[in-house]
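The values are calculated or read from the model by the stated rules, or taken from the named source; none is laboratory data. Remember, it's a predicted structure, so these values are computed and weren't measured experimentally. As a convention, Cβ positions derive from the backbone with ideal geometry for all residues, glycine included, and neighbour counts pool all protein chains shown. Protein only, heavy atoms only, side chains kept; ligands, DNA and RNA dropped before computing areas. Shrake-Rupley method; radii C 1.70, N 1.55, O 1.52, S 1.80 Å.
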Amino acid sequence: MTDAQTGSLEAALARTELMLEARPDLAELQAREILNAVPGHPAALLLMARAQRYQGQASAALAALEPLARSQPKWALAHLELGLARVEAGDSRGGERALSQAVTLKPDLSAAWGVLAQQRRML
């Protein structure tokens, strides 16, 4: 990949992340376009799964996040998203495990701590 291609990829990922909150449907489409150009790109997979989760498609998000977390065992954000998707899919125990892994890898991940505490209270 050339420097120009790397720069274009980084710009596309940044644009995708920016549109995630307001237009998760468009963010998902953009992430899919990135994945068409660079199959299996971890950051694009994560963004696509986040967009799916934001649209209430926890099952679709899990289909991307399960293999992503396995292939990136030390990436806290992958485990955070996996945990959030599992919780949204109704798997409190699985969510708690993934969120625990996320904070083990990155203790200052405040987004994970709040949901993790909630899941532990429920369990």
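Quick notes
- For the chain, calculated [θ]222 nm from helices alone, where every DSSP H run of n ≥ 4 adds -39500 (n - 2.57): -25500 deg cm²/dmol
- For Rg/Rh (Cα atoms, Kirkwood Rh), calculated from these coordinates, the label among [x] 0.92; [y] 1.03; [z] 1.00: [z]
- Chain lengthening between residue 21 and residue 71 when straightened (0.36 nm per residue, less Cα-Cα): 15.4 nm
- A simple spin-label model places pseudo-atoms 7 Å from Cα toward Cβ; at residue 38 and residue 106 they are separated by 1.7 nm.
- Rounded to the nearest 10 degrees, the inclination of helix 3-19 to the longest alpha-carbon principal axis of the chain is 50 degrees.
- With DNA, RNA and ligands ignored, accessible area of residue 15 (1.4 Å probe; Å², nearest 10): 120
- Residue 11 paired with residue 59, simple spin-label distance in nm, labels 7 Å along Cα-to-beta-carbon: 3.9
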